[in-house]
Amino acid sequence: MVSFYGGVHRGSIDAIRREYRLARRFIHPCGAMNLEGPGAGVYTHLLPFILTGQSKGTGVVGVPSTEQRLSGWGRLNPELCSVHRPEKHRTVREAVEQAGGTLLARGLGRSYGDAAVNGGGGVVDMTRLNRLLAFDAESGVVECEAGVSLADLVAAFLPRGWFLPVTPGTKFVTVGGAIAHDIHGKNHHRDGTFGQFVREFKLLIANGETISCSRKENQDVFWATIGGAGLTGIILSASVRLQPVESAYYLVDYRRAKNLEDALRIFAETDEKYQYSVAWIDCLARGGSLGRSVLMLGNSAPVSALPAHLRNNPLCPREKRKTNVPVDMPELLLNPLSMKIYNTLFHARNPERDGAVVDFDTYYYPLDSVHNWNRLYGKRGFAQFQATVPPEGVAALVQILERISATKSGFLGVLKAMGEQNEGLLSHPIKGYTLTLDIPNHGKLGPFLHGLDEILLAHGGRIYLAKDAVSRPETLEAMYPRLKQFRAVKAKVDPERRFDSSQARRLGITGD
Ligand SMILES: Cc1cc2nc3c(=O)[nH]c(=O)nc-3n(C[C@H](O)[C@H](O)[C@H](O)COP(=O)(O)OP(=O)(O)OC[C@H]3O[C@@H](n4cnc5c(N)ncnc54)[C@H](O)[C@@H]3O)c2cc1C
């Protein structure tokens, strides 16, 4: 094991960035990581309070905090929270020991609803606990603090031939957030969730103790925390097994499906052949074209398959230009016509082809190139609805797509075939299919989404806590049969329910 230390952050934000860059250069042959991306410096206005130990907030005596209105990525219903931004394990522990009310860890705030919000309570922003601690170049196991982002891991390890074993559609999520929602990616049908690659983590629990959790030690807490939405305690650090890669590129075959049935057929016929698969669905298509989509089926590219100009430097693709949405867009911009044009163009611009060489950023993270893209939905925000159904519940997807296309507002959705369920008590994936759709908030979002929940319930499906913003307790209870076991572990490690969230209260996750 090699040990890395990012050093203790002190001084101005510039000094912190300099120090951070130096630390990253030390381990990153391609140069410094991107510190200008979303999430970086988001809370810089809090720095004076953190550095001087002053407190603007009310939550915890001696541990600085500030009052902020927080929401999820969908920007629905911001709530006032007392935010702490510690940089050391000791300060996190002090926050837990001294907190008068409830607390919740928060990563980069990329969950869509209120899973990372604790209205009226304390929130521990973990993004300054972002040090890489150790790396075993034999096994690819990296040990890092929970606030390290997946973008950090890619920047540090891709140039060395290691990539994330599982990644969501954005790299701006923390390791803590990835564990707490047991995230999945395009390879779920083959490799399962992020939790499957977590060897061990250190969890700070309500009595101030830090416990090690793994498949052998505190096994029940391990599987309650993987997918447990931050409700068992605060993950301080974790060991995660990375995956060896020869290059930063993928060989992608594009297939067009004329409707949902066709898309599912292609998944069934090809999922053996491809490690990664996903379909982008035109949510506005109707009738015989309902669910028409473009499937992107890929495998990691060996160096020998790359064109000559990429072979010299296969692990460091050129960085993409980024754009920004500086302000909230007027809601008028996203009207039925503009969405229809966008979806039609997307379909037209993606003809069937084989063996396209696509870099990892383009393949996994197309939305990351537009900073603050969530502002496109305007001030009122949006919800993301993720419907996961067993193979026999596909009729639910048809009904959901029919309801969405009838609203005439919806960009592309994402469809994916899912593999086996793991042991996470609240981990969301089950074998079958998952459909993800953005739904603009034109008012009446609650009743509309409750209607979709009912369709799901009737077909044995489930929602995903990382996306949920409005569901009801009875829905969750019916969809997650292991909820009782989760509550039992919660009662053991946090009998007074010190760790809580707006979502947990709304859904009654931890009990009545
Ligand atoms: C563009 C986009 C694409 C996405 N694509 C996918 C996808 O393909 N697959 C997928 O599964 N998800 C996807 N997501 C959702 C995202 O991966 C999850 O919501 C993830 O949990 C966000 O991580 P975060 O660091 O932003 O955590 P936050 O959103 O800040 O928090 C999420 C949860 O983790 C808990 N948490 C955070 N840090 C800790 C910690 N240190 N200890 C304990 N609990 C903690 C919080 O309490 C909260 O419950 C996507 C999100 C976006 C915005």
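The values are calculated or read from the model by the stated rules, or taken from the named source; none is laboratory data. Only a predicted model underlies this, so the values are computations on that prediction, with no experimental measurement involved. In this analysis, Cβ positions are derived from the backbone assuming ideal geometry, glycine residues included, and neighbour counts consider all displayed protein chains.
Structural remarks
- Within segment 80-123, the set of residues being more than 12 Å from the ligand (Cβ to nearest atom), within 21 Å of E145 (Cα to Cα) and part of a loop (DSSP other than H, G, I, E, B) comprises R85, E87, K88.
- Residue list for segment 408-428, filter: within 11 Å of the ligand (Cβ to nearest atom) and not aliphatic (A, V, I, L, M): K416, S427, H428
- Members of segment 124-142 that are within 12 Å of the ligand (Cβ to nearest atom), under 28 Å from F360 (Cβ atoms) and part of a strand (DSSP E or B): D125
- For segment 180-192, residues that are among the basic types (K, R) and either within 6 Å of the ligand (Cβ to nearest atom) or surrounded by fewer than 24 Cβ atoms within 10 Å (Cβ to Cβ) (or both) total 1.
- Failed item, numbered, when L310 is tested on (1) under 27 Å from the mean Cα position of the chain (by Cα); (2) surrounded by 15 or more Cβ atoms within 10 Å (Cβ to Cβ): (1)
- Residue match in segment 437-454 (condition: among the basic types (K, R) and surrounded by fewer than 16 Cβ atoms within 10 Å (Cβ to Cβ)): yes
- All of G208, G230 fail the test of being within 14 Å of the ligand (Cβ to nearest atom), touching a residue at least 60 places away in the same chain (Cβ under 8 Å) and either within 20 Å of V148 (Cα to Cα) or not in a strand (DSSP E or B) (or both), apart from G230.
- Residue selected from segment 143-179 under the condition farther than 25 Å from F222 by Cβ and either in a helix (DSSP H, G or I) or not assigned by TED's automatic domain parsing to the domain that holds L203 (or both), by the criterion nearest to the ligand (Cβ to nearest atom): A151
- Checked against the criterion of being over 24 Å from the mean Cα position of the chain (by Cα), more than 26 Å from S300 (Cβ to Cβ) and modelled with pLDDT of 95 or more, segment 348-357 contains not a single residue that satisfies it.
Table: residues versus (1) buried (at least 16 other Cβ atoms within 10 Å of the Cβ); (2) free of Cβ contacts under 8 Å to residues at least 60 places away in the same chain.
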{"position": "E319", "(1), (2)": "no, no"}
{"position": "L333", "(1), (2)": "no, yes"}
{"position": "P336", "(1), (2)": "no, no"}
{"position": "F346", "(1), (2)": "no, no"}
{"position": "E352", "(1), (2)": "no, no"}
{"position": "G378", "(1), (2)": "yes, no"}
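- Of the residues screened, L449 is one that is at pLDDT 95 or above and not small (G, A, S).
- Verdict on G511 being free of Cβ contacts under 8 Å to residues at least 60 places away in the same chain, within 16 Å of L426 (Cα to Cα) and either small (G, A, S) or in contact with a Gly (Cβ under 7 Å, 6 or more places away or on another chain) (or both): yes
- Count of residues meeting criterion [closer than 16 Å to T193 by Cβ and either more than 16 Å from the ligand (Cβ to nearest atom) or at pLDDT below 95 (or both)] in segment 233-248: 3
- Candidates P326, P336 - the one that is at pLDDT below 80, over 26 Å from K258 (Cβ atoms) and out of contact with any Asp or Glu (no Cβ under 8 Å at 6 or more places or on another chain): P326
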